[in-house]
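The block underneath contains the structure these notes are about, expressed in structure tokens.
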Amino acid sequence: MQTDAHLWAERFDGDTLDLFALQDEVTSRIAVALNLELVAAEAVRPTEYPDALDYILRGRAALLKPGRGGYAQAIDLFERALALDSGSAQAQSLLAGVLVNRVLDGMTNLAADDIARAEGLADRALATSPHSPVAHFAKGQVLRVQGRLEETISEYETVLTFDRNWVGALAAIGRCKIYIGPIVEAIPAQEQAIRLSPRDPMIGFWYFRIGEAHLLQSHIDEAILWFERARNANPRIPFFHANLASAYALKGETERAAAALAEARRLDTQGHYSTIARLRLWRSLSQDRGARPEIRALFEDTFFAGLRKAGMPEE
């Protein structure tokens, strides 16, 4: 069995060993792991009279469980924090981020309202805390769901100037590259995030993005491998199953494709995966906003083509 030390050593040739780069990555990895552990530990600390910070920590801990339940719990807790401290830039930023995430993940019936509120919260947080990486990340999320992807990348890069260990910003830059290109640049960003935070609760999304990048390049076997990893990491996310259905179908594995599509439909309460038309409409309002025409064409030739083969009707 390989240890972390062996894995690190394999990444560097003995004749050209870059000790500074190795030290930098090890330090970042430790910092990320400690941050996750501290959030989880503080969130369960007994508190007789919780204050705004207690609710913020509990909200962040809820986000360690990505999905509809985690989003609902986090929103409630951040709302409680703002009720106690309406000027908290951290609570405003975190609430804005959750509202955007549930739009992007197709887990709300109030997408337009969520986006509008998130924008107001992020702008207020930045006005009071212009050097806050949390506020800049929230603004980046808002810009992303609005389809302003070049501006989005700039915000995520600002986050990293304030906090180089923010792996979510690193991975999100790669996510934007899937939609504006070059697609090949999306994969190293996810790989670095995985390397720095190998036990991160968001790791399933990073696996998924690698799979999506491979799917768009018609690397079907690689796409299946990464989509399966994403599904195994978090089986409650509908679009993990939907993309897996598409990839299976493109490979000719029709039974597995049909089963994966059925699971996506079961998990999705919004009906996004009932028809191609409904799925395309939802994606145009969230996931695909800002995508360049040539990237949209790739989605048509791979993702949507696979779903048709898996049995999804047009209307």
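Coordinate-derived values only; no laboratory data. Just so we're clear, the structure is a prediction, and the values are computed from it rather than from any experiment. Cβ sites come from the backbone with ideal geometry, for glycine too, and all protein chains shown count toward neighbours.
Going by how many other Cβ atoms sit within 10 Å of their own, how do 197, 286, 246 line up, fewest first?
Going from least to most buried by this count: 286, 197, 246.
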Loop sites in segment 182-212: chymotrypsin sites (Phe, Trp or Tyr not before Pro), DSSP, at most 11 other Cβ within 10 Å: none
Neighbour-count order for 155, 314, 185, fewest beta carbons within 10 angstrom listed first: 314, 185, 155
Förster radius 25 Å - calculated FRET efficiency between residue 277 and residue 225 (Cβ-Cβ, nearest 0.05): 0.25
Extension reserve of the residue 191-residue 292 stretch, reckoned as 0.36 nm per residue once the Cα distance is removed: 34.0 nm
Distance in nm between pseudo-label sites at residue 146 and residue 65 (7 Å out along the Cβ direction from Cα): 3.3
Taking 104, 279 and counting other C-beta atoms within 10 Å, the order from fewest to most: 104, 279
For segment 265-315: rounded, prolate or oblate by the Cα gyration tensor [a/c cutoff 1.5]: oblate
Alpha carbon centroid spacing (whole Å) that separates segment 238-315 from segment 125-160: 29
Cα lying deepest toward the dipole's positive end in segment 243-286, options 286, 273, 262, charges on Cβ: 286
Trypsin sites (Lys or Arg not before Pro) within segment 118-227: DSSP coil, no more than 13 neighbouring Cβ in 10 Å: 199
Given charges at Cβ of Lys, Arg, Asp, Glu: segment 184-315 dipole, positive-most of 241, 216, 307: 241
Segment 45-114, relative contact order in percent, only Cα pairs under 8 angstrom and at least six apart counted: 27
